Amino acid sequence: MHEFSLRRRAVSGTTPRLQEWGIDSEYGVLHDVLIGPVDHFSWKSGNASARRAERLGMSFEHKVAAAQHQEMLDAYRHAGVTTHLIPADNSLPYQIYGRDSSVMTPWGPIITQMYSPWRRGEWVPILNKYAELNIPIFDVITAGTLEGGDFMVLEPGVILCGYSGERTSPQGFMQMKSWIEQEGWEVKGYQFDPFFLHIDVMVAMLAEKLAAVCVDAVEPELVQWFMKRNIEIIDIPFPQVLELGVNVVALGNDRVMLPKANTGLAAKCRAHGLEVIDPDISMISPGGGGVHCMCQPLKRAPSR
């Protein structure tokens, strides 16, 4: 059992992997997941999705969002995943997107730095939760911004991290990159326009060597990089990006969780032999995040 600490990272790059926690891919069987609370959630107009909802005349109903949040939790439990809720803080309306305030690695979580002013306090409850679970921190981003929606443990030995200069800045990205490369892993950086919020709006791993990618939204160089890694791509139409249709969670054992509204990707996943679990999050996603945004995996089975 590891003792809780604020930095267990070895400067020499010889940090031992956690035994009880940690992930080495986006698709290993998910055992434990951290979920953001819905208690104080409301839409904020600081991103393109929320502004689009306002233009379309949509209105937010917290009771509906809370019921959908519970449906998602029930879906995880039915799939055999243990859920851990981040403590709610009434000053933090976007805590529900629990992906962003930390990222899990094989060596422990990294506490990130948030871009939006109404999210900068999220490091406090997330740190308290890791202390409660006795999960020691790998390190804390201090050089710039880095948000979990831009960070993917793509497959063993490889991190994919997007940076737009806002949600994740070049400085935050480079600090994280130096830590991960010191441990002997590859870090693939991908720069994109801030319109897309995070890279997980455009890219998602569904299973081993299978990804969903909006080819029209990313540069050809990224598509070629996936192909060189022998990762098959399911192409997602650009209009689905606007509805966070690529924002999915691989549960392992050929199962994926995705929004109920995303019938197009669901059909393609089933055609590839995947089981689809599809909670309705239609009152949550207009705020700017889908099922992937609401979770941070804490423990996955090691990948082959």
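Using the heavy atoms of the protein chains alone and a 1.4 angstrom probe, what is the accessible area of the chain per residue in square angstrom?
With the other protein chains kept in place, the chain gives 39 Å² per residue.
List, in the order given, every pair from LYS188/LYS228; LYS177/LYS299; LYS188/LYS209 whose Cα-Cα distance in the structure shown is over 20 Å.
Over 20 Å apart, Cα to Cα: LYS177/LYS299.
Taking every DSSP beta bridge with both residues inside the chain, roughly what % is antiparallel (nearest 5)?
Working: 20 of 40 bridges.
So the antiparallel bridges amount to about 50 percent of the total.
Roughly what % of DSSP beta bridges within the range 118-230 run antiparallel, to the nearest 5?
55
Classify the range 107-175 as rounded, prolate or oblate from the Cα gyration tensor: take a ≥ b ≥ c as the square roots of its eigenvalues, call it rounded if a/c is under 1.5, otherwise prolate when a/b beats b/c and oblate if not.
Oblate.
Suppose a student asked you for the relative contact order of the chain, using Cα pairs under 8 Å spaced at least 6 residues apart; what percent would you report?
With pairs under 8 Å counted, the relative contact order is 27 percent.
Of the heavy-atom accessible surface of the chain (probe 1.4 angstrom), what whole percent is carbon and sulfur?
Details: 5950 of 11870 Å².
On the chain, the fraction of accessible area on carbon and sulfur atoms equals 50 percent.
Take peptides 78-87, 106-115 and line them up by average Cβ neighbours within 10 Å, highest first, as a rough protection proxy.
Going by the mean number of other Cβ atoms within 10 Å, highest first, we get 106-115, 78-87.
Using the Cα gyration tensor of the range 44-181, with a ≥ b ≥ c the square roots of its eigenvalues, what is the shape: rounded (a/c below 1.5), prolate (a/b larger than b/c) or oblate (neither)?
oblate
Using 0.36 nm per residue, how much length does the chain from VAL11 to GLU186 gain when fully extended, once their Cα-Cα distance is taken away? Mind showing how you got there, number by number?
On the way: separation 175, 0.36 × 175 = 63.00 nm, distance 1.72 nm.
Roughly 61.3 nm would be gained on extension.
Using a/c under 1.5 as the rounded threshold, could you call the range 154-196 rounded, prolate or oblate? The axes a ≥ b ≥ c are square roots of the C-alpha gyration tensor eigenvalues, and prolate needs a/b larger than b/c, oblate otherwise.
In terms of gyration-tensor shape, oblate.
The values are calculated or read from the model by the stated rules, or taken from the named source; none is laboratory data. Here the structure is a predicted model, which means the values were calculated and not measured. Glycine also receives a Cβ, built like all others from the backbone with ideal geometry; neighbour counts cover every protein chain displayed. Ligands, DNA and RNA are excluded from the accessible area calculation, which covers all protein heavy atoms including side chains. Shrake-Rupley method; radii C 1.70, N 1.55, O 1.52, S 1.80 Å.
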